[in-house]
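Worksheet for the structure shown next.
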Amino acid sequence: MTRYHSTPEGNVAFTAEEEIQFDKMASDYLAGADDRAAAKVREDRNAKLTVTDWTAFSDVTMSDAMETYRQALRDVPAQSGFPNTITWPTEPGT
């Protein structure tokens, strides 16, 4: 299938070299999909940990349930489906 550049004068077909460059760029983008998904999951995990950081202050006694929850969040990257299938732990009290 021919691809085109959109120009003010109309569509111009890709050259053979541009086709190769575009295919490589698309392939590289798809190859990085898991890395981007993993970064997003880690960002979400870190946000969940941040919400509970106050429970780790030295003047607060962290419950066993909260300790378990926070450890489960830290273990998310070790899940077998990571980064595409995540089972998020349930926050205690929710």
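Regarding Thr52, is this residue open to solvent by less than 40 Å² (accessible area, probe 1.4 Å) and not hydrophobic (A, V, I, L, M, F, W, C)? Spelling it out, Thr52 is indeed open to solvent by less than 40 Å² (accessible area, probe 1.4 Å) and not hydrophobic (A, V, I, L, M, F, W, C).
Pairing residues of region 19-45 that are without any contact (Cβ under 8 Å) to a residue 40 or more places away in the chain with residues that are surrounded by 12 or more Cβ atoms within 10 Å (Cβ to Cβ) and in a helix (DSSP H, G or I), at Cβ distances under 6 Å and at least 6 apart in sequence or on separate chains, gives Arg45/Leu73; Arg45/Val76. Filtering region 3-49 to residues that are among the hydroxyl-bearing types (Ser, Thr, Tyr), surrounded by 10 or more Cβ atoms within 10 Å (Cβ to Cβ) and not in a helix (DSSP H, G or I) leaves Tyr4, Thr15. Cβ-Cβ contacts under 7 Å between residues 6 or more apart (or on different chains), taken from a first residue in region 58-74 that is free of Cβ contacts under 8 Å to residues at least 24 places away in the same chain to a second residue that is polar (S, T, N, Q) and not in a loop (DSSP other than H, G, I, E, B), are listed as Met62/Thr55; Arg70/Thr52.
The values are calculated or read from the model by the stated rules, or taken from the named source; none is laboratory data. Everything numeric in this text was worked out from a predicted model, so none of it was measured. So basically every Cβ, Gly included, is an ideal-geometry build from the backbone, and we count neighbours across all protein chains shown. Areas reflect the complete protein model, heavy atoms only, side chains present, ligands, DNA and RNA absent. Shrake-Rupley method; radii C 1.70, N 1.55, O 1.52, S 1.80 Å.
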